[in-house]
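As C-alpha cells, the structure follows; a few thoughts come after it.
The values are calculated or read from the model by the stated rules, or taken from the named source; none is laboratory data. What you are looking at is a predicted structure, and each value in this text was computed from that prediction instead of being measured. Cβ: placed from backbone, ideal geometry, glycine included. Neighbour counts: every protein chain shown.
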Amino acid sequence: MNLDQLWLSDKYLKSISSIENEVKLLSLDIFDTLIFRSCAKPVDIFLKVGEKAQKEGLSKYTPFEFQQLRILAEKVAREEKKKSINSTEVSLEQIYEHMPFDINTSNRIKEIELETEIESCYVNPSIYSLIKYFSSKNIPIVLMSDMYLSNEQIKKILINNGFEMNYISNILVSNIEGGSKEEGFLFKILMNLFPDIEKQAILHIGDNYMADVVAAKAAGIRTIHYKVIPSTINDVFSFEQVRFGDLLPELLSLRKLAGNIQNYSADEEFWFRFGATVLGPFLSIFADWIIDLCIKENKKYIYPLMREGHLLSEVISKALVYRKEQLIVRPLYVSRKATFYSFIEHIDTKFFEQLFKGKNDFVRLRNVTVYNFFEMFGITNLDVIKEFSQYYDELIENSNNVMITKETSLQEKLLQMLSNEIIIEQIKLYVEQKQRYIEEFLLQTIRDPSSSVTVDIGFRGTTQFFIDKALSRYTSGLTHVIAMGTQSTTEKMLLGLDIRGFLGNAGENIDIIYSIKRSPEIFEQLLMGEEGSTIGYLRDQSGKIDPIIANSMYQPKEIHWKKICAEGVKTFQFLWYHLINIKPQLKNEVFKRKREIAKILTRVIEMPTMEEAINLGELSHEDNFGSQYVRKICNDSDINLLDKLGVNTYISFTSHGWEYGKSYWPQGVVTRKYPFYLYSYYLKQRNHGSYVIVFNEMISRVREMGYREIAIYGAGEAGRHLLKLAILHGMNVKCFIDSNKKLWGKRIEGILVKSLKEAFDDGINVFVVGSLAYYKEIKNTIIDTYSRKNKIPKVFTAYSLEE
C-alpha cells in the first residue's frame, strides 16, 4: 500500500480521477476532513485541557467541570457576538474572555488548548495524498474552516503534525473572515481570490453536509461529501456507542478511515469494512503486544496455532516488517483433535464413561458420531464394531437417548464393547503411537522451546496444555500466548502451564470475554485460511512426522469473503503503523484500554447490526474435534427454535452455551428475525430518558401499524436523529417539514425540506413529529392546516397517536 496514492482507494475520493482535468482549484475543509482527531468528539479535547490545567495548578475545577465551562463559554461568546454585530463567529481569545480565570491564567490555558489540539490531531493521509497529487499538477489549494481558531493557530497544528504548508495557497477561517461556509460567505471569498477560475472548475471537499455540500452547491461549486467521520445510526460505531459508549476513542477516526480505503463491489464491501473496523484493530494491537512480549523476554520464534493462526501469522509477520524486527514466525499445525492423545494416561471403561457423559475436563465430544469415535481410537478395522453399523451416524452426545433394546441404550452398548480387554489393548497401542508422533512432531518443529511462544485466540488453554503434556519428558520453557482466557486457564497454570492473556486471562475481564467465548465461531472462521483442520500426524518415508490436514469443507465464496476481510485487516494495520510512527504516545494509551478492545468484539456478538447478522451468519462452521459436522452459523433450525421459544426465552436459554439449543450465535439469529430487538433493548439500558428512546418506540409503532412512507416535521437536531432511526427501521422519509422558511428547498442528510403547504399539495398524509418540547403545537398545526382543506392527516408524536 502506497501512502502517496491512498486517495485512489478512498471510497469518497477515487471518483476524482475521472474529473481531475476539469479541476482548476481545490478547496478543502480542515477538521474531520484534512485533520482527524484521536478522540471521539471535539469537546473531548476540553477534558484533556482541564486535566492539564488542574495538574499545573491553574484550575480548581475537575476536568469535566472545565469541559462544561468551556462549552458554555463558547456558547455565551457566540450569543453576545450575535447580539452585537449579528454574527456568531468568535475567536479562541473571545471565548476565553468568558472563562472564570484571570488574564495570565487564561493565556496559559489557551496555550494548553492549542498544545492539546496539536497532540490530539493528525493529518488524514488520504486527503494529504490528494493534496500532493494536485500540487504536483500546479493546482492551487485552499483550506477553509468554520472555526474559532485563527489561521496561524491552524498552521501551527498542521506544521507540528508534519504537514508541508507550501502546498497551500490560502487558509480561510470563519472567525477571521467574519462569515462561515454554511452561510456561503467563505465560498464568495474563495471565488474573489481566484476570479479567473470558473465556479464549475472549483472542487470543494468536506464532511459537513450543510456547510460543505449544500452551501457549496448553492454557490455553484462542485462538491464531494467526505463522509468518513460522520456516523450513521446503523453503522458499527453507533451500535458500539449504544452498547458500551465510546470505545478506543484514540483510534475511532482511524478505524473509520480504514473502512473506506477499498475498491470492492457493494456485495464485497461489508467483508472489507468488518476486517478494517472490527477485526483489524484487535489483531493489529494483539500482534504488537506479542512482539513486545517476545522482545522483553528474549523470545525468537513465534508459532501461531493453525488453523486459526493463518491470518494471525500474516498480521504478525507484517508487524515485524513494519517494526524492522528479526523474529521468526512459523505455523504450528496442531488442534485439540490432533493433540488430545497426549493427556491420556489411563485407558479403561471409566475413562470412556467420563468421555461419553461430558465429564472429562479437557475433551468434549461435540458433534462426534459413533463412527468418528471409532476412527479417533483406531478401531474401525475390528469386526466387533460392525454390530453398530446402523448407528454410525448417531452422535455420541445423544447416545444415551438412543435405545438398542428396551433396556439397553447405545451408550451402554458401546461401554460394554469398550470393556473388552482385547479392544482396550488395541486402543492403548494406537494412543501410544499417536503420542509418539505428537511428541516427535513438536520437537522437530519447535527446535528451541525456551526461546519460543505459541499464539492462539483462546480460551481454555486446552491445546496448549496438550502441547506441554506431549513435551513433559523435556524441560520445555515454552510460553503460550492467547488473546483471551477464561477461568479454566488458572487450573492449568497451577499445573505449570506458562500461558499469558492479552485481553484477560484466568477469568480477568470475563464479564466482557464471556460472550466471545460463548460464540467464537465468527472470529474463528475469519481467522482461518483455505486449509482444513489438523486431524493427526503421519511418518513419511524419510522418517519425518508430517501433519495430516483434512480437506477444507468451505465453499469458494466463503474463502473469497475471508480473503477480502483479511485485506481490510491489513489496511487497518498499515494505517495503524503510520499513525503510531507519527504519534508514538498513542500506542501506550491504546494498550491501557484492553477492555475496550475486547468490547469491540463483544458488541458484534451481543448486538450485531442487521448487515453483520446477515453476512456473518452465512459463514459455515466446522467442528474439528473428530467430526465432519459443518453448518451455517445461523440456520433454519435456529429460527425454528426462536419461533418455538419466543425471543426472550430463546436468548435466556441459549446464553448458557452451545449445548442449550445448539445455536452458535443466538443474537445473530434474533437480529435476522427481529432486526431492532437488541438495538432497542440496549438503547433503553444505556440512554434511559433520552429522546432517542421515545423516538425509537414511536417509529416502531408507526411501522407496526403498516406505514412505510412518512414525513418528519422538524428539521432540527431531534428531527435528524428521528431520520436516522426511521432509516434504521427501513422507513422511506419523503421529506422534512419545517416552519423555518430559510430551510425550504434545502436538503438535510439528502432529504428535501418543505413547507407544510407544499407537503399538503404533494399529497403527503403521514407525519411523525421530530420534537418533544413542541409536539402538541406541531400536531395541532398539522391537523388545523389539513382540516381547513377537509383532510384528516395521520400524526404520530412521541407521546400520543392521533389520526
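Side notes on the structure shown:
- Number of residues in the stretch 478-499 that are free of Cβ contacts under 8 Å to residues at least 60 places away in the same chain and in a loop (DSSP other than H, G, I, E, B) equals 8.
- Gln68, sole failed condition from (1) in contact (Cβ under 8 Å) with a residue 12 or more places away in the chain; (2) part of a helix (DSSP H, G or I): (1)
- Residues (touching a residue at least 24 places away in the same chain (Cβ under 8 Å) and more than 38 Å from the chain's Cα centre (by Cα)) located in the stretch 98-113: His98, Met99, Pro100, Phe101, Thr105, Arg108
- Listed by position, the helices (runs of 4 or more DSSP H) inside the stretch 281-396 whose residues that are in contact with a Ser or Thr (Cβ under 7 Å, 6 or more places away or on another chain) number at least 2 are 336-339, 349-356, 370-376.
- Criterion applied to Glu80, Glu152, Glu119, Glu113 was being of a type outside the set (A, V, I, L, M, F, W, C), out of contact with any helix residue (DSSP H, G or I) (no Cβ under 9 Å at 6 or more places or on another chain) and not in a loop (DSSP other than H, G, I, E, B), and the one residue passing it is Glu152.
- In the stretch 573-582 there is at least one residue matching the filter, namely being within 26 Å of Ser126 (Cβ to Cβ), free of Cβ contacts under 8 Å to residues at least 60 places away in the same chain and touching a Leu at 6+ places or on another chain (Cβ under 7 Å).
Listed here are the residues, each with its yes/no results for (1) over 17 Å from Asn234 (Cβ atoms); (2) among the charged types (D, E, K, R); (3) not in a loop (DSSP other than H, G, I, E, B).
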{"residue": "Tyr650", "(1), (2), (3)": "yes, no, yes"}
{"residue": "His656", "(1), (2), (3)": "yes, no, no"}
{"residue": "Gly661", "(1), (2), (3)": "yes, no, no"}
{"residue": "Val670", "(1), (2), (3)": "no, no, yes"}
{"residue": "Pro675", "(1), (2), (3)": "no, no, no"}
{"residue": "Leu678", "(1), (2), (3)": "no, no, yes"}
{"residue": "Leu683", "(1), (2), (3)": "no, no, yes"}
{"residue": "Asn696", "(1), (2), (3)": "no, no, yes"}
{"residue": "Ile699", "(1), (2), (3)": "no, no, yes"}
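Conditions (1) at pLDDT 95 or above; (2) on the phi > 0 side of the Ramachandran plot, marked per residue:
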{"site": "Leu114", "(1), (2)": "yes, no"}
{"site": "Asn124", "(1), (2)": "yes, no"}
{"site": "Tyr167", "(1), (2)": "yes, no"}
{"site": "Ser180", "(1), (2)": "no, no"}
{"site": "Gly184", "(1), (2)": "no, yes"}
{"site": "Lys188", "(1), (2)": "yes, no"}
{"site": "His204", "(1), (2)": "yes, no"}
{"site": "Met210", "(1), (2)": "no, no"}
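- Looking only at residues in the stretch 763-803 that are in contact (Cβ under 8 Å) with a residue 24 or more places away in the chain and among the charged types (D, E, K, R), the one that is surrounded by the fewest Cβ atoms within 10 Å (Cβ to Cβ) is Lys789.
- Among all positions in the stretch 455-476, there is no residue which is out of contact with any helix residue (DSSP H, G or I) (no Cβ under 9 Å at 6 or more places or on another chain), outside the structural domain of Val370 (by the TED database) and at pLDDT 90 or above.
- The numbered conditions (1) touching a helix residue (DSSP H, G or I) at 6+ places or on another chain (Cβ under 7 Å); (2) modelled with pLDDT under 85; (3) not hydrophobic (A, V, I, L, M, F, W, C) are all true for Tyr391 except (2).
- Checking the stated criteria, Gln464 turns out to be of a type in the set (S, T, N, Q), under 29 Å from Lys592 (Cβ atoms), touching a residue at least 24 places away in the same chain (Cβ under 8 Å) and assigned to a helix (DSSP H, G or I).
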